[in-house]
1. Restricting the search to segment A:163-182, which residues are surrounded by fewer than 21 Cβ atoms within 10 Å (Cβ to Cβ) and more than 14 Å from chain D (Cβ to nearest Cβ)?
2. Looking at segment A:194-213, which of the residues that are open to solvent by 10 Å² or more (accessible area, probe 1.4 Å) and touching a residue at least 60 places away in the same chain (Cβ under 8 Å) is nearest to A:Tyr251 (Cα to Cα)?
3. Restricting to segment B:214-236, name every residue that is open to solvent by 10 Å² or more (accessible area, probe 1.4 Å) and not in a helix (DSSP H, G or I).
4. Could you look through segment A:141-153, keep only residues that are in a helix (DSSP H, G or I) and open to solvent by less than 30 Å² (accessible area, probe 1.4 Å), and pick out the one that is nearest to the other protein chains (Cβ to nearest Cβ)?
5. Could you tell me how many of the residues in segment A:40-56 are crowded, with 24+ Cβ neighbours inside 10 Å and either among the small types (Gly, Ala, Ser) or more than 14 Å from A:Lys72 (Cα to Cα) (or both)?
6. Restricting attention to segment D:115-127, does a residue exist that is within 14 Å of chain C (Cβ to nearest Cβ), buried (at least 18 other Cβ atoms within 10 Å of the Cβ) and assigned to a loop (DSSP other than H, G, I, E, B)?
7. Taking D:Thr248, is it out of contact with any Phe, Trp or Tyr (no Cβ under 8 Å at 6 or more places or on another chain) and among the β-branched types (Val, Ile, Thr)?
8. Within segment A:67-94, can you find the residues that are in contact (Cβ under 8 Å) with a residue 12 or more places away in the chain, surrounded by fewer than 23 Cβ atoms within 10 Å (Cβ to Cβ) and away from every other protein chain (no Cβ under 14 Å)?
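The values are calculated or read from the model by the stated rules, or taken from the named source; none is laboratory data. Keep in mind the model is a prediction, meaning the values are calculated, not measured. Neighbour counts are summed over all protein chains in view; Cβ atoms, including those assigned to glycine, are modelled from backbone coordinates with ideal geometry. Areas reflect the complete protein model, heavy atoms only, side chains present, ligands, DNA and RNA absent. Shrake-Rupley method; radii C 1.70, N 1.55, O 1.52, S 1.80 Å.
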4 protein chains.
Amino acid sequence: MKLQGIFPPIATPFDSEGELYRTKLRHNLEKWNQTGLAGYVVCGSTGESVMLTAEEKLRLWDWAAEYAAADKLLLAGTGMESVRETVWLTNKAAEMGYKAAMVRTPHYYKNLFSRKEAQLLFFRAVADQAKIPIMIYNWPQATGVDIPAEAVAELSEHPNIVAIKESSGNLEKVMQMIREVKPGFQVLVGSAPTLWPSLQVGAVGAVLAYANAAPYSVITIWEAHRTRDFEAGLDWQNRIGRAAYLVTAKYGIPGLKYAMDLNGYYGGPCRLPLSPLTPEAKREIEEAFRDLKG
Amino acid sequence: MKLQGIFPPIATPFDSEGELYRTKLRHNLEKWNQTGLAGYVVCGSTGESVMLTAEEKLRLWDWAAEYAAADKLLLAGTGMESVRETVWLTNKAAEMGYKAAMVRTPHYYKNLFSRKEAQLLFFRAVADQAKIPIMIYNWPQATGVDIPAEAVAELSEHPNIVAIKESSGNLEKVMQMIREVKPGFQVLVGSAPTLWPSLQVGAVGAVLAYANAAPYSVITIWEAHRTRDFEAGLDWQNRIGRAAYLVTAKYGIPGLKYAMDLNGYYGGPCRLPLSPLTPEAKREIEEAFRDLKG
Amino acid sequence: MKLQGIFPPIATPFDSEGELYRTKLRHNLEKWNQTGLAGYVVCGSTGESVMLTAEEKLRLWDWAAEYAAADKLLLAGTGMESVRETVWLTNKAAEMGYKAAMVRTPHYYKNLFSRKEAQLLFFRAVADQAKIPIMIYNWPQATGVDIPAEAVAELSEHPNIVAIKESSGNLEKVMQMIREVKPGFQVLVGSAPTLWPSLQVGAVGAVLAYANAAPYSVITIWEAHRTRDFEAGLDWQNRIGRAAYLVTAKYGIPGLKYAMDLNGYYGGPCRLPLSPLTPEAKREIEEAFRDLKG
Amino acid sequence: MKLQGIFPPIATPFDSEGELYRTKLRHNLEKWNQTGLAGYVVCGSTGESVMLTAEEKLRLWDWAAEYAAADKLLLAGTGMESVRETVWLTNKAAEMGYKAAMVRTPHYYKNLFSRKEAQLLFFRAVADQAKIPIMIYNWPQATGVDIPAEAVAELSEHPNIVAIKESSGNLEKVMQMIREVKPGFQVLVGSAPTLWPSLQVGAVGAVLAYANAAPYSVITIWEAHRTRDFEAGLDWQNRIGRAAYLVTAKYGIPGLKYAMDLNGYYGGPCRLPLSPLTPEAKREIEEAFRDLKG
């Protein structure tokens, strides 16, 4: 399975009561379907997965599979702290037609899970029981755990572990993994502010929160990479730099959803304690997205 | 409500298939019922709450309420990342007779949740809707978020936020909170290695993983504090120091469950990726608990 | 050599040109000489040692030795990154009559110096060549390196390493060291906000920046400890809590020097980039020291 | 002044007594003079500057100026914690013909110096008094302080602050600085493992410890960048990846000096507590440098 190109980890639309908002999910997917996005990750961190019940995830997977265009690859965010629950969710997603599962590193018991051995055990146990391939998902800025490149290299030997989404923005690690993993294992990144250099050093694709709001700009970077247009690639990277920073590191999902609203997608509210933006934050985002359309 | 004394955040017993093991929970509770423990926290971090489904938590609360002696105070660990799910679980526990809910700080979106304002918003929103009082639960070693003392002081003004379990082991912060919170707000600690000095500076109680395995020793420290027996208190603190370190920071819940097995409780297996101890780790724990009985 | 009691790591007085200010050093020492302080540490972190040339340190040691009362124990802060320069400074201090040297952990090359082996090598090499005993000095909040308790236990076997000043405020580590070091090795602490509980668990003394400005209050805590007056000890600890925080963690040496000025000592300016306080910071300090006299 | 190209922060040669070794410095410089290196940084972190006295630095600057070829740009590492000493050293270097001073961020009093304002104050005060231009030097892995991109942008307005050496390896920050600094301000990097992508996004040069031992490989990357040979650039980046990691993050200066010895330069011993490599470490380095010649 080829995981190349740009994937948004899609935002989960909620109505004003905080309930899943099916028609808005449909609206967003129908709009994204018309872009060159490679596929969708449903129930990733940007989808507020930690705010969702298992039952809500099943509904979202079901709906997204219904509304996604046939040419879009479907991935499910299924990582939980336990092997058991991760496997259960992964195999539910498999039944619904999802092609791979994105599984974040377990991290709550940091004294234990920051050890390489615990990560190896977790991902091997999940991959052994999963009916679809596994993409490791590493986001140390949220989890506080950073799976080492050597562990990823070891896991790349497992026939059912096929990729990593590395969201740290650490280019040295990205290059090290590309050098050391088994041929065929795919390294994707999850940091829009370093998309261009990551592609330049060999990342095959990216899962980008930012792509929810302004997919064309990152698809343009991807196309510049494919066509070896180095000026355009760097130029577009610099154009999105500030906007990408605002809707990830600085304002997070509330910022991203506001940018979605600006660009014709449905962003809407987050679940608390993710809270609405201040007027000043909104203005910053408006300014940054002025020339970055949906 | 007085939260004084020693509370174990009880370990969750699993059978060899990884299922909840009701008869072993009963065994443990009946044995703890005979001690001077003040009560039980059901589904805390030590109870592997991040490995449990919501439905399993409800079952555990139900069973623990059935087997706990009448004089033991019942607390439920109900913290989730969202206000919504935390409130739902808290009110389920309230219906089952739990007297208070222990709610950990939300932490996944660290860039946002490490801000004091997000913590204030979360705990106020939860407390406003909760049918039982809230105890804040702060364990930065796991969550990567450390709620500041000033935020705790502000939250102590809320009529339905009555206590904190501070598990950092940071004595300066414990003292600062005791000085600055509203009178009546109760500061408990969650670190056995600093139990004695914490009580000496004014903590009113403790929620201690270690107390699952060797409750008498920490109850002895509590009694030494009550009776102002300073030699005994410090002596017992030093006796438990290494054992407490092994079953928390060094070996975590697998270590604690092994110590429970040694001391006549049912520890049993953890859910993966928490994994069995090596023989060497077991020997270390046996050695450290030689004179610390259940 | 007994290192018990309270030692200020004395502030270095500068005139308005930034030169060493001998008469003000004399003024401060003559005033401290009348207190129950156990001795002085000259050229520690609070003495802005990292802002001083080697030649200036020699002058300060010379002058302090001249003005210190005969009953005050003299220690010199001599730690540098290299064994070579640390030994040279230590033996210069020895020639001037200093009784021990306080040597901070090397830390610049953190990838290497955060390993226990590098710390063992450093302190053993220094102690082998030093003509006076060595006190290890650990302040991870500044150095970014935290020498582990096990390393301190190993170093306590060295005949010329006699003490540690542990400034982390970590009570668990203080207790662990007290349990594990060779009998006779002395554990002092360097954190005023946790002075009382540190003495309660067995620390034999303290080196406290705060003691520059308000020595009587911390000497009172020390005396409460000696006479087992638990109410007074805890009460005074709580009285100094906020003031101690302001002149260390929050405002650092500029804050401490301002408090010295308030209390009849000469504080004066720091060397840049340590910069003057804002009027608001001054007011905070005035408020906190209102009832804490020099 | 153009700071483009590759600069080694030259290692300081010591003899077996730990004294400066002038003839070996000459040997190294004469060998480097024959390469395409752009110049030399004398007394940087790799030069063990924190292990050197001020007097030794003056001698090294003098000797290096004597032996460096006329076409090599000379920079002096002059950063100390105080403005005062930094200015003094900088102006000494200026007198000896050095063209710019590389000044690391002050960092010892982290609670204060991690604030942007302290960094602005320090660099402005130094630059105001320095007779040669200042290059900011940021290496958070050693200092524990990371000067923010916004502070660098503000400092770039100062007429005597002309460049930054950013050693964090953080590509996002490198790109942000390039976007936000005043035109003409030069961004160099200090991390060999991310050299190629850094040049691709606009860094104008690099100061690389690794270049001491194997300058040709990094000059090749630089030339690939100049000639827009993207395959060669990435290929060589991947060839040096492991070697660069070993002589910086993993084994530090002792590793680098061993690699220098392998490649016909004089590496020799470090000052303690930097300690000799184990035989196993030596073998790892031999292996990694097999095809990377001096």
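1. A:Lys182
2. Looking at the filtered set, the residue picked out is A:Ala209.
3. Answer for segment B:214-236, where residues must be open to solvent by 10 Å² or more (accessible area, probe 1.4 Å) and not in a helix (DSSP H, G or I): B:Thr227, B:Arg228, B:Asp229.
4. Only one residue fits best here, namely A:Ala142.
5. Counting residues in segment A:40-56 that are crowded, with 24+ Cβ neighbours inside 10 Å and either among the small types (Gly, Ala, Ser) or more than 14 Å from A:Lys72 (Cα to Cα) (or both) gives 7.
6. No, segment D:115-127 contains no residue that is within 14 Å of chain C (Cβ to nearest Cβ), buried (at least 18 other Cβ atoms within 10 Å of the Cβ) and assigned to a loop (DSSP other than H, G, I, E, B).
7. Taking the combined requirement at face value, the residue does not satisfy it.
8. A:Tyr67, A:Ala68, A:Ala69, A:Lys72, A:Leu73, A:Leu74, A:Asn91, A:Ala94
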